[in-house]
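FYI, it's all coordinate maths here, none of it is from the lab. Treat the numbers as computed from the prediction; the structure is a model and nothing was measured. Here the Cβ positions follow ideal geometry from the backbone for every residue, glycine too, while neighbour counts run over all protein chains shown.
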Amino acid sequence: MKRIILAAALALAAALPAHADGIVTYKSIAPDVAFDLARATINQCRKDGYQVAVVVVDRFGIPLAVLRDQFAGVMALQVARDKAKTANAFATSTGDLGKRIQAGELSQDYQNLPNVVTLAGGIVIEAGGAKLGAVGVSGGPGGDKDEACAKAGLASVQDKLDF
């Protein structure tokens, strides 16, 4: 009798949807992949001849991986964090956000928000149509260099993110 009840319960569970009312599921970057991304990003910047700070945040803007090269500037870590959080919050690269503000497509007021950075170097991490988080880089000789390192780092882990 117990086996029949157990089999019926399992059959019923299999027939129910994968989620229950009131439960939300989401995808986010795993901490190990975030660290791999940060490491690959900092290594790319080293190859290019400069030392930076890298911050990878999850989809909620919470840091998962933080790396600062030994000679990265004093403010590099804070700016990298703010670039990552800005890219994540606005779901666009910080460079594109800055360009849109300068072009008048978005309000100049965005630049005055606390911890919002509109310099290039922050990019969104996406896979399978879902935003997983963001990476921010600071310390290179220009935001375009920071962004290039971030993109190279992201490319190095993209196969771990695709699903």
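Of 55, 137, 116, which is the most mobile in a GNM of the chain whose springs link Cα atoms less than 10 angstrom apart? Answer for the Gaussian network model of the chain: 116.
Using a Gaussian network model on the chain with a 10 Å cutoff between Cα atoms, which of 84, 130, 34 fluctuates the most? Residue with maximal mean-square fluctuation among 84, 130, 34: 130. About the centre of its Cα atoms, segment 26-161 shows a dipole size close to 140 debye [charges on the beta carbon of Lys, Arg (+1) and Asp, Glu (-1) only; nearest 20 debye].
Among the lysines of the chain, pairs at least eight places apart or on separate chains and with Cα atoms under 14 Å apart come to 6. The computed percent of Cα pairs over 22 Å apart for the structure shown corresponds, within [x] 55; [y] 46; [z] 50, to [y]. Which residue fluctuates the most in the chain, going by a Gaussian network model with Cα springs under 10 Å, if the choices are 36, 58, 109? Judging by the Gaussian network model, the answer is 109.
Extending 7 Å from the Cα toward the beta-carbon at both residue 126 and residue 62 defines two label points whose distance is 2.5 nm. One decimal place: the segment residue 152-residue 113 gains 11.2 nm when fully extended, by the rule 0.36 nm per residue minus the C-alpha distance. When shorter helices are ignored and each DSSP H run of at least 4 residues is given -39500 (n - 2.57), the per-residue value for the chain at 222 nm works out to -15000 deg cm²/dmol. Taking the Cα centre of each part, how many Å lie between segment 52-70 and segment 121-147? Segment 52-70 and segment 121-147 have Cα centres separated by 10 Å. Backbone N atoms of segment 142-163 closer than 20 Å to the 7 Å Cα→Cβ label point of residue 35 belong to residues 153-162.
Each of 150, 31, 114 was placed along the dipole of the chain (beta-carbon charges, centred on the mean Cα), and the one lying farthest toward the positive end is 31.
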